[in-house]
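Q: This structure is in structure tokens; I'll ask about it shortly.
The values are calculated or read from the model by the stated rules, or taken from the named source; none is laboratory data. Just so it is clear, the model here is predicted, and its values are computed rather than measured. Reconstructed Cβ throughout: ideal geometry from the backbone, glycine too, with neighbour counts over all protein chains shown.
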Amino acid sequence: MLLYLLNKFIKIFKKEVTTMSIYKSKMQEYLSQLREILFANGVSKDEARLIENELFKKMNDEAPPRIAVIGETGVGKSSTINALFNTNLPVHDFAACTQKVEKINATTANGDSITIIDFPGLGEGIMADERHWELYKKELPSVDVALWVLSAGDRAFGNMITALRKISDICSDKELSRLVFGINKAEHMSPEKWNIRTNMPEENHLNNLIGFQNTVLSAIREIIPEWNGKIETYSAHKRYNLDALLLAVLQTVPETRRWKVKQTSDVASWEELVDPEFLRLAKQINEEGERNC
Ligand SMILES: Nc1nc2c(ncn2[C@@H]2O[C@H](COP(=O)(O)OP(=O)(O)OP(=O)(O)O)[C@@H](O)[C@H]2O)c(=O)[nH]1
Ligand SMILES: [Mg+2]
């Protein structure tokens, strides 16, 4: 009976508590309800305390969310993980680098634990691809989110479309709904008008990034029409939009597992690469604008 109650409690709790921020208040609310149920069932105070401790242990022992990073070789999967989580995964400038699945226990800036799985890239060669697909098939069903990384401006959609078709064959609809797409190397988009002072694309560069993201979106929807997930354009090197990318990933963690992570993110900021004089001026203008409102 108690075990049944405990499991039921955990199930309801996880459904209701979708963010860490309401974790504590909800936990208190549920604990007092649980105590009442326990006392009504003749459980003593000491026994109730033991059950509460057991409950906390069970909740905290739950494995952290598992995020897979997938895509073609060289798009910057390992670099993205390094930029997001300050890890030191090997990166290669011209040869395929990651050859086996690397599991990393990382921590977000909020202190939440997360398991990141860096996959070998697709498109390295026929033999390597066969090996890598076996890994994808084995590991993908057990992840909470799969981040598919692409490279901005890469028009060779043929490989992506073949890979996406294959993914849609090996994954269930539920697994497909957990795909997030990240378009990396934003500064490499033509016409490469990256403003070094602001660490942001200039207008025509930004327009092309938006256009490219829409083209990718249409290609995805053609293969997985029911996919309604998130897509973000970013740069691992410039740290541009990394916070939006991490947020998109965390918000895709299934509801029953999301309570393990906060939905806000705080990653290495693009501001660190902005000209300090520009930043000071921008902040000043912003503050003046707020005062005048
Ligand atoms: N310009 C630019 N280059 C990047 C960016 N991110 C990664 N790169 C470069 O892209 C190349 C490949 O990066 P990796 O992180 O090794 O790519 P990967 O997808 O992990 O490659 P595999 O392990 O072979 O699958 C390296 O030369 C990186 O420096 C970025 O944001 N901008
Ligand atoms: Mg790699």
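Q: Taking the stretch 248-274 only, how many residues are assigned to a helix (DSSP H, G or I), modelled with pLDDT under 90 and not polar (S, T, N, Q)?
A: Going through the stretch 248-274 one residue at a time, the tally reaches 8.
Let's see how each residue does on (1) surrounded by 14 or more Cβ atoms within 10 Å (Cβ to Cβ); (2) under 22 Å from the mean Cα position of the chain (by Cα); (3) on the phi < 0 side of the Ramachandran plot:
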{"position": "K185", "(1), (2), (3)": "yes, yes, no"}
{"position": "S190", "(1), (2), (3)": "no, no, yes"}
{"position": "K193", "(1), (2), (3)": "yes, no, yes"}
{"position": "P201", "(1), (2), (3)": "yes, no, yes"}
{"position": "N207", "(1), (2), (3)": "no, no, yes"}
{"position": "I210", "(1), (2), (3)": "no, yes, yes"}
{"position": "Q213", "(1), (2), (3)": "yes, yes, yes"}
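Q: A128: crowded, with 17+ Cβ neighbours inside 10 Å, among the hydrophobic types (A, V, I, L, M, F, W, C) and either within 16 Å of ligand 2 (Cβ to nearest atom) or assigned to a helix (DSSP H, G or I) (or both), yes or no?
A: Details: crowded, with 17+ Cβ neighbours inside 10 Å: no; among the hydrophobic types (A, V, I, L, M, F, W, C): yes; either within 16 Å of ligand 2 (Cβ to nearest atom) or assigned to a helix (DSSP H, G or I) (or both): yes.
For A128, the condition - crowded, with 17+ Cβ neighbours inside 10 Å, among the hydrophobic types (A, V, I, L, M, F, W, C) and either within 16 Å of ligand 2 (Cβ to nearest atom) or assigned to a helix (DSSP H, G or I) (or both) - is not met.
Q: Something else about it: Which residues, counting only those in the stretch 103-131, are touching a strand residue (DSSP E or B) at 6+ places or on another chain (Cβ under 7 Å) and more than 30 Å from D243 (Cβ to Cβ)? Steps first, answer last, please.
A: At the first step, the residues of the stretch 103-131 found to be touching a strand residue (DSSP E or B) at 6+ places or on another chain (Cβ under 7 Å) are 103-108, 113-119, 121-123, 129.
Within the stretch 103-131, D129 is the sole residue that qualifies.
For every residue, the table says whether it meets (1) under 30 Å from P191 (Cβ atoms); (2) charged (D, E, K, R).
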site: V101; (1), (2): no, no
site: T107; (1), (2): no, no
site: G111; (1), (2): no, no
site: P120; (1), (2): no, no
site: S151; (1), (2): yes, no
site: E175; (1), (2): no, yes
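Q: Something else: The conditions are (1) away from ligand 1 (no atom under 11 Å from the Cβ); (2) without any contact (Cβ under 8 Å) to a residue 40 or more places away in the chain; (3) assigned to a helix (DSSP H, G or I), and Y136 fails exactly one of them. Which is it?
A: (2)
Q: Something else: Looking at the stretch 183-205, is at least one residue in contact (Cβ under 8 Å) with a residue 60 or more places away in the chain, of a type in the set (A, V, I, L, M) and under 25 Å from I114 (Cα atoms)?
A: First, pick out the residues of the stretch 183-205 that are in contact (Cβ under 8 Å) with a residue 60 or more places away in the chain: 184-185, 196-200.
Narrowing further to those that are of a type in the set (A, V, I, L, M): 196, 200.
From the residues that got through so far, the ones that are under 25 Å from I114 (Cα atoms) too are none.
Taking every residue of the stretch 183-205 in turn, none turns out to be in contact (Cβ under 8 Å) with a residue 60 or more places away in the chain, of a type in the set (A, V, I, L, M) and under 25 Å from I114 (Cα atoms).
Q: Within the stretch 171-182, is even one residue assigned to a loop (DSSP other than H, G, I, E, B) and out of contact with any Ser or Thr (no Cβ under 9 Å at 6 or more places or on another chain)?
A: Of the residues in the stretch 171-182, the ones assigned to a loop (DSSP other than H, G, I, E, B) are 171-172, 177-178.
In the following step, the residues that additionally are out of contact with any Ser or Thr (no Cβ under 9 Å at 6 or more places or on another chain) were identified as 171-172.
Looking for residues that are assigned to a loop (DSSP other than H, G, I, E, B) and out of contact with any Ser or Thr (no Cβ under 9 Å at 6 or more places or on another chain), one finds at least one in the stretch 171-182, hence yes.
Q: Looking only at the stretch 96-118, how many residues end up being within 15 Å of ligand 1 (Cβ to nearest atom) and not in a strand (DSSP E or B)? So that I can check it myself, show each step before the final result.
A: Narrowing the stretch 96-118 to residues within 15 Å of ligand 1 (Cβ to nearest atom): 96-104, 116-118.
Those still in the list that are not in a strand (DSSP E or B) too: 96-101.
The number of residues fulfilling the criteria is 6.
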